[in-house]
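Chemist: Starting off with a structure, shown below.
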Amino acid sequence: MSNQNLGLETQAIRTQLERTQYLEHSVPLYLTSSFIFEDAEDMRASFAEEKERNIYSRFSNPNTSEFVEKICLMEGAEDGYSFATGMAAVYSTFAALLNSGDHIVSASSVFGSTHTLFTKYFPKWNITTSYFDVNKPETIENFIRPNTKILYAESPTNPAVDILDLELLGKIAKKHNLILIIDNCFATPYIQNPIQFGADLVIHSATKLIDGQGRVLGGVTVGRSDLIREIYLFSRNTGPALSPFNAWVLSKSLETLPVRIEKHCENALKVAEFLENHPNVASVKYPFLKSHPQYEVAKKQMKLGGNIVAFEIKGGIESGRKFLDKIKLCSLSANLGDTRSIVTHPASTTHSKLTEEERLAVSITDGLVRVSVGLETVQDVINDLKQALE
Ligand SMILES: *Cc1c(COP(=O)(O)O)cnc(C)c1O
């Protein structure tokens with residue numbers, strides 16, 4: 001059952017595509033690699049795609065189909081395909097749509113592996129990328145060439161929590177006939193729906209807030225059905241498919257996504273407000289703080305501010321390292337969007353190999369700390385940050 005007129009929470013909970021003869025209430029796990037045919041005619045018609053049915057779990061499976069259907073309903077998308085990881089979604093989406101000689105215009109701060117894909121691997125197939133400064137979206141059109149095919153961005157960005165105006169990106173993409181792809185991982189389908197602002201495709205790493213409990217990896221791309229058709233055909237032949245087990249976990253996770261996100265954001269806003277008043281903190285970036293440079297844009301396109309808070313600790317790299325060493329409750333981990341709060345200091349860890357100049361180009365200052373606010377009692381998280389800031 002799926003109904004476009006139902007509320008988002010209802011869609012996340014009540015979307016059920018299959019039910020077996022046992023009339024189970026909760027959707028079972030279809031741990032099967034293939035599906036059988038009634039007879040020769042059924043098999044012929046299935047392969048000819050005259051009927052919509054499962055053939056082989058690299059193509060589709062009841063669990064992956066249900067997960068994709070829920071994301072489509074929540075994002076307002078026509079169709080989608082799910083992947084083993086967020087990076088499989090990013091890679092397969094670009095690889096399916098681009099040809100040798102094509103050009104991408106991307107925001108400068110994108111997820112690290114996405115950046116590596118653009119700079120190290122795509123040039124092998126003569127696919128090139130130009131980057132615009134996320135804080136200067138008015139310069140985007142300067143980078144568009146006759147062979148530009150895709151406009152790509154994330155909002156909010158990682159780790160600096162900058163906000164890009166999705167409506168503006170939608171207008172630019174339309175004017176220049178580009179495919180607009182938005183990685184909506186930090187916002188989730190509950191907070192922000194880029195298709196509403198003109199995005200053609202939306203990508204999620206389901207590993208983060210969609211799973212929300214640090215258990216499984218997954219990814220999904222949803223959007224225009226003609227583009228999804230290309231991505232589906234590429235993927236069914238190259239094999240980045242999401243496993244039925246992970247799809248089952250992720251589909252269950254979506255049932256609680258709205259309530260989890262409400263609490264994540266409530267906690268994050270409290271953490272941001274605490275940090276804003278701390279004497280050892282130079283500045284705080286959280287989309288729903290009035291001090292955020294793109295506060296108005298965030299309010300226009302986001303329902304809530306998200307769970308990531310970035311702040312600048314006074315004293316640069318050394319203070320950042322000392323701060324991490326004093327953290328007791330929060331985890332030091334590369335993940336984000338977990339029930340457990342996580343603290344990272346990009347300049348001394350994930351981005352330590354870059355020069356200071358290169359770091360600044362992607363908005364990573366020496367004292368930048370990123371907090372992925374979890375679902376613990378928020379005062380305990382604040383107390384931990386407080387003692388580490390002393
Ligand atoms: C984590 C992440 C990815 C990659 O997802 P994986 O599931 O780890 O492959 C892509 N984009 C963003 C914004 C992410 O945070």
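Chemist: Treating only the Cβ atoms of Lys and Arg (+1) and Asp and Glu (-1) as charged, compute the dipole magnitude of segment 63-207 about its Cα centre; round to the nearest 20 debye.
Modeler: Details: 9 positive and 15 negative charges, 100 e Å.
For this selection, approximately 480 debye.
Chemist: To the nearest 0.05, what FRET efficiency results for Thr377 and Ile317 with a Förster distance of 41 Å applied to their C-beta separation? Walk me through the numbers on the way to the answer.
Modeler: Numbers: r = 31 Å, r/R0 = 0.76.
The formula returns an efficiency of 0.85 here.
Chemist: Would you work out the charge dipole size for the chain about its Cα centre, treating the Cβ of every Lys and Arg as +1 and the Cβ of every Asp and Glu as -1, and quote it to the nearest 20 debye?
Modeler: Values: 39 positive and 46 negative charges, 129 e Å.
I would put it at about 620 debye.
Chemist: Please report the orientation-averaged projected area of segment 257-389, defined via the convex hull of its C-alpha atoms, in nm². Please report the intermediate quantities before stating the final value.
Modeler: Working: hull surface 31.2 nm².
Seen from a random direction, the Cα hull of segment 257-389 projects 7.8 nm² on average.
Chemist: Out of Ser372, Ser100, Ser57, any idea which swings most in a Gaussian network model of the chain, alpha carbons joined below 10 Å?
Modeler: Ser100
Chemist: For the chain, find the longest principal axis of its Cα atoms and tell me its angle to the long axis of helix 316-326, 0 to 90°, nearest 10.
Modeler: 70
Chemist: Ratio of alpha-carbon Rg to the 2.2 N^0.38 Å globular estimate for segment 204-279, to two decimals, please. Kindly include the intermediate steps, with their values, before the conclusion.
Modeler: Details: Rg = 17.1 Å, N = 76, 2.2 N^0.38 = 11.4 Å.
Here the Cα radius of gyration is 1.50 times the empirical estimate.
Chemist: Going 7 Å from the Cα of Asn147 in the Cα-to-Cβ direction, what parts of segment 100-136 have a backbone nitrogen less than 18 Å from that spot?
Modeler: Answer for this model: 100-106, 118-131.
Chemist: How far is helix 86-97 tilted off the main Cα axis of the chain, in degrees rounded to 10, range 0 to 90?
Modeler: Roughly 60 degrees, rounded to the nearest 10.
Chemist: Pick from Asp42, Asp133, Asp183 the residue whose mean-square fluctuation is largest in a GNM of the chain, springs joining Cα atoms under 10 Å.
Modeler: Maximum among the listed residues: Asp42.
Chemist: While we're here: If you take every DSSP beta bridge whose two residues both sit in segment 257-389, what share of them, in percent to the nearest 5, is antiparallel?
Modeler: On the way: 12 of 13 bridges.
Taking every DSSP beta bridge with both residues in segment 257-389, the antiparallel ones total about 90 percent.
Chemist: Let me ask something else about it. Please give the solvent-accessible surface of Tyr232 in Å², to the nearest 10, using a probe radius of 1.4 Å with every protein chain present.
Modeler: 50
Chemist: In a shell of Cβ-Cβ distance under 14 Å around Ala45, excluding Ala45 itself, what net charge do Lys and Arg (+1) and Asp and Glu (-1) give? Write out the running numbers ahead of the final one.
Modeler: On the way: positive: Arg44, Lys51, Arg53; negative: Glu38, Asp39, Glu41, Asp42, Glu49, Glu50, Glu52.
Local charge sum for Ala45: -4.
Chemist: Same structure again: I'd like the carbon and sulfur percentage of the solvent accessible area for segment 45-130, probe radius 1.4 Å, heavy atoms only, ligands and nucleic acids excluded. Show your work: numbers first, answer last.
Modeler: Numbers: 1560 of 3240 Å².
Whole-percent figure for carbon plus sulfur exposure: 48.
Chemist: Could you check what % of the DSSP bridge pairs in the chain are antiparallel, to the nearest 5? Please list the in-between numbers first.
Modeler: Values: 24 of 42 bridges.
Roughly 55 percent of the beta bridges in the chain run antiparallel, per DSSP.
Chemist: Oh, and also: Using +1 at the Cβ of each Lys and Arg and -1 at the Cβ of each Asp and Glu in the chain, identify which of His115, Leu29, Phe197 lies farthest towards the dipole's positive end.
Modeler: So the residue we want is His115.
Chemist: Thinking of segment 63-164 as a set of Cα atoms, what percent of all their pairs are more than 19 Å apart?
Modeler: Working: 2609 of 5151 pairs.
When all Cα pairs of segment 63-164 are counted, 51 percent exceed 19 Å.
Chemist: Right, next: Tell me which of Thr256, Gly86, Gly76 sits at the most positive position along the dipole axis of the chain, charges placed on C-beta atoms (Lys, Arg +1; Asp, Glu -1).
Modeler: The residue sitting farthest along the positive end of the dipole is Gly86.
Chemist: Looking only at Gly76, Gly315, Gly306, which one moves most when the chain is put into a Gaussian network model with springs between Cα atoms under 10 Å?
Modeler: Looking only at Gly76, Gly315, Gly306, the biggest GNM fluctuation is shown by Gly315.
Chemist: Using a basic spin-label model with each label point 7 Å from the Cα along Cα→Cβ, how many nm lie between Lys303 and Phe37?
Modeler: Computed distance between label sites Lys303 and Phe37 equals 4.3 nm.
Chemist: Cross-link candidates for Lys285: which aspartates and glutamates have Cα within less than 17 Å, leaving aside residues fewer than 8 places away along the same chain?
Modeler: Within the straight-line cut-off, Lys285 pairs with Glu154, Asp162, Asp165, Glu266, Glu273, Glu276, Glu296, Glu312, Asp366.
Chemist: A further question follows. With every protein chain in place, what's the accessible area of Phe143 (1.4 Å probe, Å², nearest 10)?
Modeler: In the full protein context, Phe143 sits at about 70 Å².
Chemist: Which aspartates and glutamates have a Cα less than 19 Å from the Cα of Lys51, not counting those fewer than 8 places away in the same chain?
Modeler: Hits, sequence-local ones excluded: Glu18, Glu38, Asp39, Glu41, Asp42, Glu66, Glu69, Glu78, Asp79, Asp226, Glu230.
Chemist: Which of the lysines could be linked to Lys171 by a straight reach, that is with a Cα gap under 20 Å, when you skip same-chain ones fewer than 8 residues away?
Modeler: Lys136, Lys149, Lys299, Lys300
Chemist: Taking the convex hull of the alpha carbon atoms in the chain, what volume per residue do you get, in Å³? Display every interim value, and only then the final one.
Modeler: Values: hull volume 55.7 nm³, N = 390.
Cα convex hull per residue, to the nearest whole number: 143 Å³.
Chemist: Turning to a different aspect of this structure: Lys/Arg Cβ at +1, Asp/Glu Cβ at -1, dipole of segment 257-389 taken about the Cα centre: which of Pro346, Val378, Leu275 is farthest positive-ward?
Modeler: Of the options given, the answer is Val378.
The values are calculated or read from the model by the stated rules, or taken from the named source; none is laboratory data. Everything numeric here is computed off the predicted structure, so don't read it as measured data. Every residue, glycine among them, receives a Cβ derived from its backbone with ideal geometry; neighbour counts consider all protein chains shown. Each accessible area value is taken on the protein alone, full model and side chains, heavy atoms only, with ligands, DNA and RNA left out. Shrake-Rupley method; radii C 1.70, N 1.55, O 1.52, S 1.80 Å.
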